[in-house]
Structure formats: C-alpha cells, structure tokens
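What follows is a short report on a single structure.
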Amino acid sequence: LLYNHRPNQLIAIDEPERCLHPQAVKTLVDLMRETSKDKQILITTHSAEIVKWLRPEEIYLVDKIDGKTIILPATEVTNIDVFLENFSMDELWLGGYLKGGTIN
C-alpha cells in the first residue's frame, strides 16, 4: 500500500503495530510519514509505542463524552509545547495529559 504510486489516495490502517516487532515501529512511522507526502494516511492505534514516535500535528485524540464523539488535534492540548520539553508523546498519553482514549 505504501509503495503504490497512485497519488491522492487514502490509506487507512487499524493498529499497524500488531504483530510488528517494537523496534520496527519507528521505521514504520518514518515510512508512513514519507509516504504521506503524496497520499493521506490514517491509522488508529492504542499503542504507546506508535504514539511515542508521532508529532503533535500528526495526532488526533478521540473521546466519547456524554454519548458524543469528540475529536481534538493534539496541537490544541493546552501547553502541549511546554509538556514536550519534559515528556515524550507516549508519556503524556499514558499519563492522561492528552485525555484522548482515557479509560474511566
């Protein structure tokens, strides 16, 4: 899918880290980032290992609040730049600072 040369297409992958060695995740993220220059890539994940390698502008946080689905770009999280001076994206996500996907 990533090497398909047809431009302007959407590639959607659910949990691309499944059955993938953790050391290969960064390579996969880099490959998807490069490929996304001429096609749109949408992945869904619960994996801190994927989130760890993503930039705030590449992440959308999804929550269900009062029966409504809420989608928030990570770039809109208050003080995200300050948080990233001291923590990685996966630490922020697992620590609940990003709220997206929080288990109540």
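Residues in the range 19-49 that are open to solvent by less than 40 Å² (accessible area, probe 1.4 Å), touching a helix residue (DSSP H, G or I) at 6+ places or on another chain (Cβ under 6 Å) and either more than 25 Å from H5 (Cα to Cα) or of a type in the set (S, T, Y) (or both): A48 only. Selection over the range 50-67 of residues that are of a type in the set (A, V, I, L, M) and open to solvent by 70 Å² or more (accessible area, probe 1.4 Å) gives a count of 2.
How about the range 69-96: which of its residues are part of a helix (DSSP H, G or I) and either of a type in the set (D, E) or touching a residue at least 24 places away in the same chain (Cβ under 8 Å) (or both)? The answer is A74, E76, I80, D81, L84, M89, D90, E91, W93, L94.
The values are calculated or read from the model by the stated rules, or taken from the named source; none is laboratory data. Owing to the predicted nature of the structure, the values given are computational and were not obtained by experimental measurement. For neighbour counting, all protein chains shown are included, and Cβ atoms are generated from backbone atoms with ideal geometry for every residue, glycine included. The area values use the complete protein model at the heavy-atom level, side chains included, leaving out ligands, DNA and RNA. Shrake-Rupley method; radii C 1.70, N 1.55, O 1.52, S 1.80 Å.
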